[in-house]
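As structure tokens, the structure follows; a few thoughts come after it.
Since every read-out is calculated from the coordinates, none of them should be taken as a lab result. This structure is a prediction, so every number in the text was calculated from the model and none was measured. Every residue, glycine as well, gets a Cβ built from its backbone with ideal geometry; the counts of neighbours run over all protein chains shown.
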Amino acid sequence: MGIFDFLTGEFIDVIHWTDNTRDTMVWRFEREDHEIKYGAKLTVREGQAAVFVHEGQMADVFTPGLYMLETNNMPIMTTLQHWDHGFDSPFKSEIYYVNTTRFSDLKWGTKNPIMLRDPEFGPTRLRAYGTYTVKVSDPAVFLREIVGTDGEFTMDEISYQIRNIIVQEFSRVIASSGIPVLDMAANTADLGKLIASAIDGTMKQYGLSIPELYIENISLPPAVEAALDKRTSMGLAGDLGKFTQYSAAEAMTAAANNPAGGGMAAGLGAGMGMAMAGQMAQQGPWGAAPAPAAATPPPPPPVEHVWHIANAGEVTGPFSKAAMGRMVTEGTLSRDSMVWTQGQDGWLQAGEVIELAQLFTIMPPPPPGA
């Protein structure tokens, strides 16, 4: 370095930083031997913060504005010995510029499927991915906990750690939310807010914040998605019988249009045609539903007999079987009573008629030895 360049650097007293990158979070202002002169002008633009480090300790944090580094307008400087020694100062000071704007369009996603218990499907796995934004909320904490003495710190150096924190909290929130998988798409906004608030405490320890977190997609394993697609197709098909006929007709058309199939395709088409013909024959003309078979009429109800009773040359009746049963109970009809009904050949004793003999078994017979 030439003497002219050295003297030019010694007399430069304007400290500022303009960033032409998209991922620089912290940049250290470089001076010859880190000697910042008394009375230097410090410019901090919007979206920036400047951290002043003297003798290895953080002295102050400057928000956007123009500052004159003097002890009369900066109380913190009164504790810094020999600050007014100018060129001969033996102490080293550093200025770290911190980008406080939002770093957007950052990606996150699950490497491996997350295991959870779904209310509808039971134990299942899912993946998710999305985007987030990050912002330095406390420059001093961020410089102390993350950056250290790195002269140029970029977003890539911490994005991996942030993604791990997001995935961990996403797994915990999604497993404990109880939201069915089929309803998660309607609740991604609320889930994103829950995850952002869940990781807020951890991010504050780094001096960072997550202003926005978006869930772009939540997906199931391919086998489960295939089963869902099949279930959806069955729901859209409606009548499975007509859907089967339609599928068979499509297969016949494809077989007929495939000259490479040869005789096998023709035989397959003929077999499908015969199967469809059998189904259509069962359904009736033009695919109508088959006519219901005529129901067999029930047999005619049995004819209930009525009875006449002959007693002492007189005939009474007719009496139904229920009335005859009451007479047996009352003792006015016995097994020896003469009865007659239509179709019976002459008068018979009631005990000899099978239909009436059952009436006399209701009462128990006399006990033995009576």
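Summary of computed values
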item: Fewest-first ranking of ARG102, ARG117, using other Cβ atoms within 10 Å as the exposure measure; result: ARG117, ARG102
item: Estimated FRET transfer efficiency when R0 is 56 angstrom, pair VAL224-THR202 (beta carbons, to 0.05); result: 0.95
item: Cut-off 20 Å (backbone N to label point 7 Å along Cα→Cβ of GLN168), residues of the stretch 174-200; result: 174-177, 192-200
item: Size of the stretch 307-361 as Cα extents on the principal axes (Å, biggest first); result: 24, 21, 18
item: Distant-in-sequence amide H partners of VAL353 (H built 1.01 Å from N, under 5 Å); result: none
item: Relative contact order (%) - the stretch 103-223, alpha-carbon pairs under 8 angstrom, separation at least six; result: 40 percent
item: Relative exposure of PHE103, PHE29, judged by other C-beta atoms within 10 Å (fewest first); result: PHE29, PHE103
item: Pairwise FRET efficiency - ARG144 versus ASN20, Cβ, R0 = 25 Å, nearest 0.05; result: 0.40
item: Sites TYR214 and LYS41 - FRET efficiency at Förster radius 45 Å, r taken between beta-carbons, to 0.05; result: 0.60
item: Amide H partners (placed H, <5 Å) of TRP307, local residues excluded; result: PHE319, SER320
item: Simple label model, 7 Å out from Cα along Cβ direction - ALA251 to MET68, nm; result: 9.3 nm
